[in-house]
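Chemist: Here it is: the structure, laid out below.
The values are calculated or read from the model by the stated rules, or taken from the named source; none is laboratory data. The structure presented is a predicted model; accordingly, all values stated were derived computationally and were not measured. Positions of Cβ are backbone-derived with ideal geometry, glycine not excepted, and every protein chain shown enters the neighbour counts. For accessibility, only protein heavy atoms count, side chains too; no ligands or nucleic acids. Shrake-Rupley method; radii C 1.70, N 1.55, O 1.52, S 1.80 Å.
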Amino acid sequence: MTFASIPLEQKQTALAELTEVKALFASRGWFPGTSGNLSIRVGDYSEEQFHFAITASGKDKSRQTPEDFLFVDQDGKSSETTNLKPSAETLIHCEIYRLTGAGAIFHVHTVYNSLISEWYQERGSVPVDAVELIKAFNIWDQDAHIDIPIVSNYADIPRIVPEVTSELNPRIPGILLRNHGIYAWGANAFEAKRHLEAFEFLFEYVYKLELLKATRRG
(Lines give C-alpha, C1' and ligand atoms only; values in the text may rest on other atoms or scores of the structure.)
Protein backbone atom coordinates (compact mmCIF):
# COMPACT_ATOMS: atom_id res chain seq x y z
CA MET A 1 0.00 0.00 0.00
CA THR A 2 1.37 3.40 -0.97
CA PHE A 3 1.09 6.28 1.47
CA ALA A 4 -1.12 8.22 -0.94
CA SER A 5 -3.64 5.36 -1.03
CA ILE A 6 -4.15 5.32 2.75
CA PRO A 7 -7.49 7.01 3.57
CA LEU A 8 -7.15 10.50 5.03
CA GLU A 9 -9.46 9.50 7.87
CA GLN A 10 -6.99 6.83 9.04
CA LYS A 11 -4.15 9.34 9.05
CA GLN A 12 -6.18 11.87 10.99
CA THR A 13 -7.25 9.24 13.52
CA ALA A 14 -3.62 8.23 14.11
CA LEU A 15 -2.60 11.84 14.66
CA ALA A 16 -5.49 12.44 17.04
CA GLU A 17 -4.62 9.33 19.07
CA LEU A 18 -0.96 10.34 19.24
CA THR A 19 -1.92 13.84 20.39
CA GLU A 20 -4.06 12.41 23.18
CA VAL A 21 -1.45 9.90 24.35
CA LYS A 22 1.35 12.47 24.18
CA ALA A 23 -0.60 14.88 26.40
CA LEU A 24 -1.37 12.12 28.92
CA PHE A 25 2.20 10.85 29.18
CA ALA A 26 3.58 14.40 29.33
CA SER A 27 1.28 15.08 32.30
CA ARG A 28 2.95 12.13 34.06
CA GLY A 29 6.45 13.50 33.41
CA TRP A 30 7.40 10.67 31.07
CA PHE A 31 9.07 12.91 28.44
CA PRO A 32 11.87 14.73 30.32
CA GLY A 33 14.06 16.96 28.17
CA THR A 34 12.18 16.22 24.89
CA SER A 35 12.96 12.51 25.32
CA GLY A 36 10.73 9.64 24.26
CA ASN A 37 8.83 8.91 21.08
CA LEU A 38 5.43 7.60 20.04
CA SER A 39 4.18 6.04 16.82
CA ILE A 40 1.02 4.56 15.33
CA ARG A 41 0.87 2.53 12.13
CA VAL A 42 -1.55 3.47 9.36
CA GLY A 43 -2.89 1.50 6.42
CA ASP A 44 -2.32 -2.15 5.59
CA TYR A 45 0.73 -3.94 6.94
CA SER A 46 3.37 -6.16 5.42
CA GLU A 47 6.97 -6.74 6.45
CA GLU A 48 8.06 -5.20 3.15
CA GLN A 49 5.94 -2.05 3.16
CA PHE A 50 4.14 -0.06 5.84
CA HIS A 51 3.79 3.49 7.11
CA PHE A 52 3.42 5.04 10.52
CA ALA A 53 3.05 8.42 12.21
CA ILE A 54 5.81 9.26 14.70
CA THR A 55 6.78 12.14 16.95
CA ALA A 56 9.09 14.70 15.35
CA SER A 57 12.61 15.04 16.72
CA GLY A 58 13.53 17.66 19.30
CA LYS A 59 10.01 18.79 20.19
CA ASP A 60 8.83 19.73 23.67
CA LYS A 61 6.26 17.02 24.20
CA SER A 62 4.54 18.94 26.99
CA ARG A 63 3.23 21.32 24.30
CA GLN A 64 0.85 20.74 21.39
CA THR A 65 1.79 22.20 18.01
CA PRO A 66 0.86 21.54 14.36
CA GLU A 67 4.35 20.09 13.83
CA ASP A 68 4.44 17.39 16.49
CA PHE A 69 4.27 14.38 14.12
CA LEU A 70 5.20 13.19 10.66
CA PHE A 71 4.63 10.04 8.61
CA VAL A 72 7.46 7.69 7.66
CA ASP A 73 7.77 4.40 5.80
CA GLN A 74 9.17 1.00 6.75
CA ASP A 75 12.74 2.35 6.33
CA GLY A 76 12.14 5.38 8.53
CA LYS A 77 12.09 7.81 5.61
CA SER A 78 9.48 10.56 5.31
CA SER A 79 6.37 9.43 3.48
CA GLU A 80 5.62 12.96 2.28
CA THR A 81 7.48 16.23 1.84
CA THR A 82 8.19 17.85 5.21
CA ASN A 83 10.80 19.92 7.02
CA LEU A 84 10.34 17.81 10.14
CA LYS A 85 12.81 15.14 11.18
CA PRO A 86 11.63 11.85 12.67
CA SER A 87 12.90 10.76 16.07
CA ALA A 88 16.48 9.54 16.05
CA GLU A 89 15.16 6.16 17.23
CA THR A 90 12.75 5.67 14.33
CA LEU A 91 14.76 2.67 13.11
CA ILE A 92 13.91 0.84 16.34
CA HIS A 93 10.22 1.44 15.66
CA CYS A 94 10.70 0.14 12.12
CA GLU A 95 12.23 -3.10 13.40
CA ILE A 96 9.60 -3.68 16.08
CA TYR A 97 6.80 -3.14 13.54
CA ARG A 98 8.52 -5.52 11.13
CA LEU A 99 8.98 -8.23 13.76
CA THR A 100 5.63 -7.96 15.53
CA GLY A 101 3.09 -6.42 13.14
CA ALA A 102 2.11 -4.09 16.00
CA GLY A 103 -0.25 -1.18 15.50
CA ALA A 104 1.37 1.25 17.96
CA ILE A 105 4.69 1.66 19.79
CA PHE A 106 5.28 3.94 22.77
CA HIS A 107 8.70 4.75 24.23
CA VAL A 108 9.27 6.73 27.44
CA HIS A 109 12.11 7.52 29.82
CA THR A 110 11.40 7.23 33.53
CA VAL A 111 13.59 6.96 36.59
CA TYR A 112 12.31 3.48 37.43
CA ASN A 113 12.73 1.95 33.98
CA SER A 114 16.25 3.39 33.75
CA LEU A 115 17.31 2.22 37.22
CA ILE A 116 15.90 -1.28 36.84
CA SER A 117 17.56 -1.73 33.43
CA GLU A 118 20.92 -0.86 34.98
CA TRP A 119 20.39 -3.08 38.02
CA TYR A 120 19.66 -6.14 35.87
CA GLN A 121 21.79 -5.35 32.82
CA GLU A 122 24.25 -8.19 33.44
CA ARG A 123 21.35 -10.63 33.72
CA GLY A 124 19.96 -9.35 30.40
CA SER A 125 16.35 -9.16 31.60
CA VAL A 126 14.16 -7.95 34.46
CA PRO A 127 12.56 -10.88 36.35
CA VAL A 128 9.01 -10.41 37.61
CA ASP A 129 7.21 -13.02 39.68
CA ALA A 130 3.55 -13.41 40.59
CA VAL A 131 2.47 -9.78 40.19
CA GLU A 132 -1.13 -9.12 39.16
CA LEU A 133 -0.19 -6.62 36.43
CA ILE A 134 1.46 -9.41 34.42
CA LYS A 135 -2.10 -10.16 33.30
CA ALA A 136 -2.02 -6.92 31.28
CA PHE A 137 0.07 -8.90 28.77
CA ASN A 138 -2.60 -11.61 28.50
CA ILE A 139 -0.50 -13.96 30.62
CA TRP A 140 -2.91 -15.69 32.98
CA ASP A 141 -0.74 -18.41 34.55
CA GLN A 142 -1.00 -18.85 38.29
CA ASP A 143 1.98 -17.05 39.92
CA ALA A 144 3.29 -16.20 36.46
CA HIS A 145 6.96 -15.43 35.89
CA ILE A 146 8.19 -13.19 33.09
CA ASP A 147 11.54 -11.81 31.99
CA ILE A 148 11.53 -8.37 30.35
CA PRO A 149 14.45 -8.19 27.88
CA ILE A 150 17.21 -5.58 28.22
CA VAL A 151 19.40 -4.58 25.26
CA SER A 152 22.47 -2.37 25.01
CA ASN A 153 22.14 1.35 24.45
CA TYR A 154 24.41 2.83 21.79
CA ALA A 155 24.65 6.39 20.50
CA ASP A 156 24.75 4.82 17.02
CA ILE A 157 21.09 3.72 16.75
CA PRO A 158 21.61 1.16 13.94
CA ARG A 159 23.81 -0.84 16.36
CA ILE A 160 20.80 -1.29 18.65
CA VAL A 161 18.54 -2.79 15.98
CA PRO A 162 20.23 -6.24 15.74
CA GLU A 163 19.96 -6.64 19.53
CA VAL A 164 16.27 -5.82 19.38
CA THR A 165 15.93 -8.45 16.67
CA SER A 166 17.71 -11.12 18.70
CA GLU A 167 16.27 -10.37 22.15
CA LEU A 168 12.63 -9.57 21.39
CA ASN A 169 10.33 -12.05 23.12
CA PRO A 170 6.98 -12.58 21.32
CA ARG A 171 5.33 -13.23 24.70
CA ILE A 172 6.46 -9.89 26.17
CA PRO A 173 5.25 -6.73 24.34
CA GLY A 174 8.17 -4.59 25.44
CA ILE A 175 11.93 -4.26 25.51
CA LEU A 176 14.24 -2.12 27.67
CA LEU A 177 17.25 -0.17 26.51
CA ARG A 178 19.85 -0.06 29.27
CA ASN A 179 19.80 3.26 31.13
CA HIS A 180 17.48 4.61 28.47
CA GLY A 181 13.83 3.56 28.57
CA ILE A 182 11.11 1.11 27.64
CA TYR A 183 9.57 0.40 24.23
CA ALA A 184 6.08 -1.05 24.59
CA TRP A 185 3.74 -1.99 21.78
CA GLY A 186 0.31 -3.38 21.05
CA ALA A 187 -2.23 -4.04 18.35
CA ASN A 188 -3.50 -0.47 18.69
CA ALA A 189 -2.94 2.66 20.80
CA PHE A 190 -5.17 1.44 23.63
CA GLU A 191 -3.30 -1.85 23.98
CA ALA A 192 0.14 -0.22 23.71
CA LYS A 193 -0.85 2.24 26.45
CA ARG A 194 -2.07 -0.59 28.67
CA HIS A 195 1.17 -2.48 28.20
CA LEU A 196 3.31 0.58 28.87
CA GLU A 197 1.44 1.41 32.07
CA ALA A 198 1.80 -2.20 33.24
CA PHE A 199 5.54 -2.18 32.56
CA GLU A 200 6.00 1.04 34.51
CA PHE A 201 4.09 -0.39 37.48
CA LEU A 202 6.19 -3.56 37.37
CA PHE A 203 9.48 -1.65 37.19
CA GLU A 204 8.59 0.40 40.26
CA TYR A 205 7.39 -2.73 42.05
CA VAL A 206 10.58 -4.69 41.34
CA TYR A 207 12.79 -1.74 42.29
CA LYS A 208 11.05 -1.23 45.63
CA LEU A 209 10.98 -4.96 46.31
CA GLU A 210 14.77 -5.03 45.88
CA LEU A 211 15.04 -2.19 48.41
CA LEU A 212 12.90 -4.08 50.91
CA LYS A 213 15.05 -7.18 50.48
CA ALA A 214 18.19 -5.13 51.04
CA THR A 215 16.71 -3.59 54.19
CA ARG A 216 15.81 -7.02 55.52
CA ARG A 217 19.34 -8.32 54.85
CA GLY A 218 20.80 -5.26 56.54
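Chemist: Using θ = phi - 60° and the Karplus relation 6.51 cos²θ - 1.76 cosθ + 1.60, list the HN-Hα couplings for segment 195-208 in order, rounded to whole Hz, with x at every Gly or Pro.
Modeler: 5, 4, 4, 5, 4, 4, 4, 5, 5, 5, 4, 5, 4, 6
Chemist: Nearest 10 degrees, 0 to 90: what angle lies between the long axis of helix 8-27 and the longest principal axis of the chain (Cα atoms)?
Modeler: Value to nearest ten degrees: 40.
Chemist: Taking the Cα centre of segment 45-147 as origin and charging only Cβ (+1 Lys, Arg; -1 Asp, Glu), how large is the dipole, in debye to the nearest 20?
Modeler: 380 debye
Chemist: A further question follows. Among 81, 55, 165, determine the one that fluctuates most according to a GNM of the chain built with springs between C-alpha atoms less than 10 Å apart.
Modeler: 81
Chemist: Which whole-number percentage describes the relative contact order of segment 121-161, with Cα contacts under 8 Å and a sequence gap of 6 or more?
Modeler: Details: 38 pairs, mean separation 17.7, N = 41.
Relative contact order comes out at 43 percent.
Chemist: Give me P(r) over segment 59-126, computed from all C-alpha to C-alpha distances, binned every 10 Å, as integer percentages.
Modeler: Over segment 59-126, the share of Cα pairs per 10 Å bin runs 16, 36, 34, 13, 1 percent.
Chemist: At a threshold of 8 angstrom on Cα-Cα distance, excluding pairs fewer than six apart, so keeping six or more, what relative contact order does segment 172-216 reach in percent?
Modeler: Computed over segment 172-216, the figure is 25 percent.
Chemist: Show which lysines lie in cross-link reach of residue 11 when reach means a straight Cα distance below 26 angstrom and same-chain residues fewer than eight apart are skipped.
Modeler: Leaving aside lysines fewer than 8 places away in the same chain, those within reach of residue 11 are 22, 59, 61, 77, 85, 193.
Chemist: At 1.306 mPa s and 10 °C, plugging the Kirkwood radius over alpha-carbon pairs of segment 1-77 into Stokes-Einstein gives what diffusion coefficient in µm²/s? Present the calculation step by step, with values, prior to reporting the outcome.
Modeler: Working: Rh = 13.0 Å.
Rounded, D is 122 µm²/s.
Chemist: Another question about this same structure. Could you run the Debye sum over the Cα atoms of segment 91-212, one equal point scatterer each and no solvent, and tell me log10 of I(q)/I(0) at q = 0.13, 0.16, 0.17, 0.20 Å⁻¹, two decimals?
Modeler: Treating every Cα as an identical point scatterer, log10 I(q)/I(0) equals -0.46, -0.70, -0.80, -1.13.
Chemist: So if we plug the beta-carbon distance of residue 67 and residue 167 into 1/(1 + (r/R0)^6) with R0 = 35 Å, what FRET efficiency do we get, rounded to 0.05? Intermediate results must be reported in sequence, preceding the final value.
Modeler: Details: r = 34 Å, r/R0 = 0.97.
Efficiency for this residue pair is about 0.55.
Chemist: Can you give the accessible area per residue of segment 83-166, in Å², using a 1.4 Å probe? It would help to have the intermediate numbers written out before the result.
Modeler: Working: 3960 Å² over 84 residues.
The answer is 47 Å² per residue.
Chemist: Can I ask one more? Just to confirm the number: angle between the C-alpha axis of helix 90-100 and the first principal axis of the chain, 0 to 90 degrees, nearest 10?
Modeler: Between helix and principal axis, roughly 80 degrees.
Chemist: Pull out the extension gain between residue 27 and residue 99, defined as 0.36 nm times the separation in residues minus the alpha carbon to alpha carbon distance; nm, one decimal.
Modeler: 22.8 nm
Chemist: Order 156-163, 135-142 from most to least packed using the mean count of other Cβ atoms within 10 Å.
Modeler: So the order, starting with the most tightly packed, is 156-163, 135-142.
Chemist: Normalised by the empirical 2.2 N^0.38 Å for globular proteins, what value does the Cα Rg of the chain take? Before the final figure, lay out the partial values.
Modeler: On the way: Rg = 17.3 Å, N = 218, 2.2 N^0.38 = 17.0 Å.
Expressed relative to 2.2 N^0.38 Å, the Cα Rg reads 1.02.
Chemist: Continuing with this model, one more query. Where nothing but the Cβ of Lys and Arg (+1) and of Asp and Glu (-1) is charged, how large is the charge dipole of segment 70-211 around its Cα centre, in debye to the nearest 20? Intermediate values should be presented prior to the final figure.
Modeler: Numbers: 11 positive and 20 negative charges, 56 e Å.
For segment 70-211, the charge dipole is close to 280 debye.
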